[in-house]
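Laboratory data are not the source of any read-out in this text; all were calculated from the coordinates shown. Please read all numbers here as calculations on a predicted model, not as lab measurements. Glycine gets a Cβ as well: all are built from the backbone with ideal geometry, and neighbour counts include every protein chain shown.
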Amino acid sequence: MQVKKLLDQKGHDVYSISPDATVYDALKLMAEKEIGALVVLEDGKMVGILSERDYARKVILKGKASKDTTVREIMTSEVIHARPDEKVRKCLSLMTKHHFRHIPVLEEERLVGILSIEDVKGVT
C-alpha cells in the first residue's frame, strides 16, 4: 500500500507547534490531542519534530524546566520523512531502523500528513 492511500484512510490532520513555544505548551497540546509527537513549523515550513522521547531525554533527564525551555532547544531538527508515493512498508523499515515512532509525510516541501508506528504496523 502507498502512503497516500493510508493517509486518505486515516486522515491528513497534523498537529504542529512553533519552535518558539515552550515545551510545556507542546506537552499540553500532545496531552489534549492524545498524541506522542508534534511537527514543528516555522513560517509554514517543517523545521523539526518534537516527541515525548525528546522531552524525556532532553528536559527531564537534564533537570530542565518545561516552562523555561523552548521547543527549538529540544526538537529533532534532522527529520526523516516519507513521500505520498512511497510504500508503507518502507516507512516501517525507516522507523524501525532509526528508532522513531512518527514520520511526517511531505509532498515537495509541503507537509501533507504524519504516520505513527501504529498506523503502519497494521498495514504492512
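Some notes on this structure:
- Hits in the stretch 72-103 (condition: touching a residue at least 24 places away in the same chain (Cβ under 8 Å), farther than 24 Å from GLU42 by Cα and of a type in the set (Val, Ile, Thr)): VAL88
- Residue ranges of helices (runs of 4 or more DSSP H) in the stretch 15-124 with at least 1 members of a type in the set (Asp, Glu) and farther than 18 Å from VAL3 by Cα: 23-33, 52-58, 71-74
- Of the listed requirements (1) in contact (Cβ under 8 Å) with a residue 24 or more places away in the chain; (2) within 23 Å of GLU118 (Cα to Cα); (3) not basic (Lys, Arg), MET30 misses just one: (1).
- LYS5, sole failed condition from (1) surrounded by 19 or more Cβ atoms within 10 Å (Cβ to Cβ); (2) closer than 18 Å to ILE103 by Cβ: (1)
- Flag for LYS67 being exposed (fewer than 15 other Cβ atoms within 10 Å of the Cβ) and over 18 Å from ILE17 (Cβ atoms): no
- From ARG83, ARG53, ARG101, residue being surrounded by 14 or more Cβ atoms within 10 Å (Cβ to Cβ), basic (Lys, Arg), over 15 Å from THR22 (Cβ atoms) and touching a Gly at 6+ places or on another chain (Cβ under 8 Å): ARG101
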